[in-house]
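To start, the structure itself, in structure tokens.
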Amino acid sequence: MAATMIESFFQRSLEDMVKGLRTQMIGEAKYLSKALDEVKKEIKSTDPNTKAVALQKLTYLHMLHGADMSWAAFHVVEVMSMAKFSHKKIGYLAASQSFNEGTDVLLLITNLLRKDFSGKNEYETGLAIEALSRIATPDLARELTPDLFILLASGRPFVRKKATVALLRVFNEYPDAIRVAFKRLVEKMGDTDPAVVSAAVSVLCELTLKDPKPYLPLAPEFYKLLVGSPSNWLSIKLVKIFGALAPLEPRLGRKIAEPLCELMRKTGTKTGARSLLLECIQTVTLGLSEHQVAVRLCVEKLNELMREEDRNLKYLGLRALANLMAVHPWAVAENKDVITKCLSHEDPSIQKGALRLIMGMVSDDNVIETVQVLLQYAHSTDSAFCNELVSVILATCSKDQYDLISDFSWYVSALAGMARVPQCAHGEEIGRQLIDIGFRVKSVTTDVLKAARELVVDPALLGRPSLHGVLSAAAWIVGEYVAFSHNPLELIEGLLQPRTKLLPASVRAVYVQAVFKVFVYSTAKYAYLDVATARMTDGDEHLGVLSKKQSTAQGEVLNDIGFSSRVSLDHTQDHHIDSGGRKSDPEAGQSSRIIVDSAETKDCSRELRPGVNGLLEAMVELIAENVTPLVNSVDVEVQERACNLMGLLQFFRDIPGFPSSEFRGSAQVWEIKEMLDALQAVFAVELGPVSIHAQGRVSVPGDLTVENLDGLGSLHTEEVLEGSSEREGYRQWEEGTLFSPHSKGVEKSQVGESAALLAQHRQRHENFYLLSDEKPVLSSLDYPPPRIASIDSTGFPSISSTEVFPVAEHSLASAKPRRSKARPVVVKLDDEEEQVESFSKLKMRDLKDDFISSAIRDVLAGEPRSGSKYHTPAQDFERKDSVRVRHQRSRTSRTSRHSERETNKDQASPGTRNESGVENAYQSSENEGKPSTSGKKSEHSKSSSKVRHSKHGRKARSSNEDEDDHPLARKSPVKPRVKSKSRRNGRHRATSPSPKVDNALPVPDFLL
Amino acid sequence: MINAVLVMNTQGKPRLTKFYEPVAVEKQQDIIRSVYSVLSSRGENFCSFVEADDIFGPDTKLVYRHFATLYFVFVINKAESELGILDLIQVFVETLDKNFKNVCELDIVYNFNKLPGCWRIYVFGGYVWVMAQ
């Protein structure tokens, strides 16, 4: 005894411990472990006070310092069961803090909780309920559901509200409890104590938001509460519930639109009620987007709110607008200025919200303007948001094969602009898109090359690792489309500038390869120029003697090598067709113009020839100087490509006179002609987008036998896309016309020009190349009929294993008639849509939630009338209702509270269903109000169920039902009161046609 | 509902923690740390809501307010109104202020055992039921 007293006397209280912690000199961790040791000793004490204080300290250490207290579970139970309230409180706090499903002593507390539930002190009961609401396990919940059920009907509001709240956890842990207690929960919405109502609504709100469907039958209840709601907090919950319910039932939306608008008007933008206002807005945007008036009001309010400086309002306003965006784009458009302002807000989440909205508004009409605005912001904002901006722009613009873009020259320059945004980290994607556009949009190849050239030439970009992706792409583009360049030397200079050593090896390899391509191209052009001039000097000096072919070839060479007198596209194309042996344009005027052109060109070439020479010499010098060190590069890719390039260079250097002017016209040029042709041919094949199904379209060789792959055969044939017969048609047609778009280059005499000419030819005569999928080609009857036009893939005749040119033209006139400017052709593969197609996600639903939902469905459907009534709510929703009737009815319901089991039996009894006429009408009206048990007992008081009144039921009744008497008996006194009110509300009219009037009972005929 | 209430100072030391869902101790400490790292990286003019999907699971949100040296943080799901919770924090702080006469962090440190009581007036089992002071 003495020992205990001393123990207690010298024990440090929680305050002492906290103070000690603040003043300790030994380090926090050490102090805490010392304190913990102390607690461990003290908690074993037999003195209740010492033990409780020790536990309190332990709880503190657990809560704030993460100390483990699972070892003290038994002590917690001991303190919980102490007699003194202050000790009990410590015990319960510790329990709700530390117990979980794994705590083994949980089994011990069932009886303890039960005892405290029925304790005299309501605070003790409150403690026990709180503990249950926090630590309930399936076992505990099962055991204590009956007790909780009784507490729900307790006479003390304090207990009722706590019990109501605890239901949620109990339902979650033990869904069977729903069958017992759900109706009582619904009844609680009509409780006299506002706190209990609020608690019930909170729990229902929580349940409804998880899975709204089963709660639809309760809509009338919620509605009545909402109309008469005394507090904003309650209204918020109810509005939230409707936000979840309204999308499921359009008629409900119609019904609640008016009260919601009323609420919104009433609350205005006063500070206090803003939460409610925003909830209303949120609900309208989620579930009532069909209701123009509500949406209109909503947008007005949003605009008001977002004009204020409050950042929280901005955030929530943006969120609400995002909900509206899909259905009412105008709502977003109207607030455009406010949204745009949010882009410069400090908070990234607000910025992102605004960005999402702005990108959602983008259409082909405003894409240019929008992107320009965004790029301006990108320059001025911090790096995270800047990259967000850039990535969103990239994603939006490239969506559906650049569907939004009609001006590709602009987009290409915008891409280059994005690469130059200082913090941009999306080099890879920008590069990918540049190449992609080069493939798909032939008409802007020049712009793509121009953009790439600027990127390659700029030394400042080389130092930024994030841009290596785009530089690599630019280098590739420069090499690939060098034929469109005005100045190959400049390209070589860019590709070999000193700062390229900052690049990683993989990009460097691309650079060297690009140099290779540019060099081969320039040399060939140069050589042909010389061939042409050589012939010219050898033969007749007179221009007229030159064959048309030669002169145009020369003209083109000059053009390509890069001088100002670029020959018009028409010219070269016509020429190409001629050279291909297909006289498609025999117009005399055209031919003569060509001759005139070439005459001009000839003049130019005379003037500029020294420049041409200098160009190649400079190029060779540059390459020799800069690529030679790379031959020893540690990276194999770079090394190999450098070696190739140097090898080639060496080969040319061995030719006497190369690269000076003596080389030109010399006999050697003729000797190496074949080699030049071959080199050109290597790069002449034009590349295009590759279908993801390309592999699938490759036909299996007949003699191929693979074992055990039978199953794959069928899969393969399926994948060879529908509409293959049409493709077949195309192939036949193609063969018939002897036209093969891909047999260019190699075997033709004009190998050197092929790349450029083909691109141009393709652009001009794309109808021969590309065939539209859905949109018929309308231009000419000579073209294949639209049916055939769905060809998406034509393999190379020579390279049959890949599908390099699967193309489908987009007929723009029919697709986007409102575009003033013709959109260039964008090559699309027919199966790319599939790629975009979202994969249907399998929703893994929580099993427990399923249990809860099904249980609630059972409970609500268990009442035949409430269920069946619900199926015809359309008429009901139109009618007016009376708030006051609700109060009256809720009183009625309270009077009829009785055991749940009994109710269930009542429902099941066929007699209930068979009741007809007036009686039935009364019941159904009661059930409308209370889809649960309300009014039940009254109707079935004569049934045998009354005899089976359970103990619980009786207890519940006795606890707080002062006005309880037989509801049938009560009908007449109630009548006049209700009637007078209902008349005012127009209810009278609605009820009058029915025989219910005879019963002199006002029927609350609001839905259900 | 409210999943958790955290009061911590600007150094990340928790002053009051209350989880309304069972969370293991180690996880609690993790959560406190990650919440702190999120909050401390936010500027004064940032809005009071933070999506907390990666800390607390889907559809959760932090609603916080910063008073002097303390953060008052509520973790809520979509059944709560953000602005409503902000009001609640205001009310809670005003209550503390009344109780402790110009409340400061130290009051909360030294009166730990009074806090849950203050707290329980407003929130019970994850539900708010009294909004009046």
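The values are calculated or read from the model by the stated rules, or taken from the named source; none is laboratory data. Remember, predicted model here, so these are calculated numbers, not experimental data. We place every Cβ from the backbone using ideal geometry, glycine too, and count neighbours over all the protein chains shown. Quick note on the areas: whole protein, heavy atoms, side chains included, nothing else; ligands and nucleic acids left out. Shrake-Rupley method; radii C 1.70, N 1.55, O 1.52, S 1.80 Å.
For segment A:343-360, indicate whether the set of residues that are of a type in the set (Asp, Glu) and over 29 Å from A:Gln292 (Cβ atoms) is non-empty.
yes
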Of the residues in segment A:499-527, those that are out of contact with any Leu (no Cβ under 8 Å at 6 or more places or on another chain), in a helix (DSSP H, G or I) and not basic (Lys, Arg) number 6
Which residue, of A:Cys280, A:Cys298, is within 14 Å of chain B (Cβ to nearest Cβ) and of a type outside the set (Ser, Thr, Tyr)?
A:Cys280
Could you please let me know if A:Leu209 is open to solvent by less than 20 Å² (accessible area, probe 1.4 Å) and part of a helix (DSSP H, G or I)?
no
Identity of the residue in segment B:1-39, in a loop (DSSP other than H, G, I, E, B) and under 28 Å from A:Ser202 (Cβ atoms), that ends up most open to solvent (accessible area, probe 1.4 Å):
B:Glu21
Could you check, for segment A:593-602, whether at least one of its residues is open to solvent by 70 Å² or more (accessible area, probe 1.4 Å), assigned to a helix (DSSP H, G or I), over 21 Å from A:Asn487 (Cα atoms) and at pLDDT 80 or above?
no
Does segment A:366-385 hold any residues that are in contact with a helix residue (DSSP H, G or I) (Cβ under 9 Å, 6 or more places away or on another chain), under 18 Å from A:Ser466 (Cα atoms) and open to solvent by 50 Å² or more (accessible area, probe 1.4 Å), and which are they?
A:His379, A:Asp382, A:Ala384
Restricting attention to segment A:144-158, does a residue exist that is more than 29 Å from A:Leu107 (Cβ to Cβ), touching a residue at least 40 places away in the same chain (Cβ under 8 Å) and more than 14 Å from every other protein chain (Cβ to nearest Cβ)?
yes
Selection from segment A:302-314 of residues that are open to solvent by 10 Å² or more (accessible area, probe 1.4 Å), within 14 Å of chain B (Cβ to nearest Cβ) and closer than 25 Å to A:Asn366 by Cα:
A:Lys314
Any residue at all in segment B:86-107 that's more than 7 Å from chain A (Cβ to nearest Cβ), within 13 Å of the chain's Cα centre (by Cα) and either part of a loop (DSSP other than H, G, I, E, B) or touching a residue at least 40 places away in the same chain (Cβ under 8 Å) (or both)?
yes
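Yes or no, residue by residue, for (1) of a type in the set (Lys, Arg); (2) more than 9 Å from every other protein chain (Cβ to nearest Cβ); (3) within 20 Å of A:Lys19 (Cα to Cα); (4) without any contact (Cβ under 8 Å) to a residue 60 or more places away in the chain:
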| site | (1), (2), (3), (4) |
| --- | --- |
| A:Gln56 | no, no, yes, yes |
| A:His65 | no, no, yes, yes |
| A:Met69 | no, no, no, yes |
| A:Ala72 | no, yes, no, yes |
| A:Lys88 | yes, yes, no, yes |
| A:Gly91 | no, yes, no, yes |
| A:Asn100 | no, no, no, yes |
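A:Ala195 - would you say it is among the hydrophobic types (A, V, I, L, M, F, W, C), within 14 Å of chain B (Cβ to nearest Cβ) and surrounded by fewer than 23 Cβ atoms within 10 Å (Cβ to Cβ)?
Yes; evaluated as a whole, the condition is true for this residue.
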Residue list for segment A:125-143, restricted to those being out of contact with any Gly (no Cβ under 9 Å at 6 or more places or on another chain) and either hydroxyl-bearing (Ser, Thr, Tyr) or more than 14 Å from chain B (Cβ to nearest Cβ) (or both)
A:Thr137, A:Asp139, A:Arg142, A:Glu143
Run down B:Val103, B:Val123 and say which single residue is aliphatic (A, V, I, L, M) and open to solvent by 10 Å² or more (accessible area, probe 1.4 Å).
B:Val103
Just wondering, is there one or more residues in segment A:473-493 that are under 19 Å from A:Gln401 (Cα atoms) and open to solvent by 10 Å² or more (accessible area, probe 1.4 Å)?
no
Does segment B:1-48 hold any residues that are of a type in the set (Ser, Thr, Tyr) and farther than 30 Å from A:Ser198 by Cα, and which are they?
B:Thr10, B:Ser34, B:Tyr36, B:Ser37, B:Ser40, B:Ser41
Looking at (1) open to solvent by 10 Å² or more (accessible area, probe 1.4 Å); (2) away from every other protein chain (no Cβ under 14 Å), can you tell me which one A:Cys261 breaks?
(1)
The one condition in (1) part of a helix (DSSP H, G or I); (2) open to solvent by 10 Å² or more (accessible area, probe 1.4 Å) that A:Pro230 fails to fulfil
(1)
Identity of the residue in segment B:40-82, within 13 Å of chain A (Cβ to nearest Cβ) and assigned to a helix (DSSP H, G or I), that ends up least open to solvent (accessible area, probe 1.4 Å)
B:Glu82
What number of residues within segment A:629-660 satisfy the criterion of being closer than 17 Å to A:Leu496 by Cβ, open to solvent by 50 Å² or more (accessible area, probe 1.4 Å), out of contact with any Phe, Trp or Tyr (no Cβ under 9 Å at 6 or more places or on another chain) and of a type in the set (S, T, N, Q)?
2
With the checklist (1) modelled with pLDDT of 90 or more; (2) within 11 Å of chain A (Cβ to nearest Cβ) in hand, flag the one item B:Lys13 doesn't pass.
(1)
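If I ask for residues that are within 11 Å of chain B (Cβ to nearest Cβ) and either at pLDDT 85 or above or buried (at least 18 other Cβ atoms within 10 Å of the Cβ) (or both), which ones from segment A:318-347 would you list?
Once the filter is applied, which keeps residues that are within 11 Å of chain B (Cβ to nearest Cβ) and either at pLDDT 85 or above or buried (at least 18 other Cβ atoms within 10 Å of the Cβ) (or both), segment A:318-347 yields A:Leu318, A:Arg319, A:Cys342, A:His345, A:Asp347.
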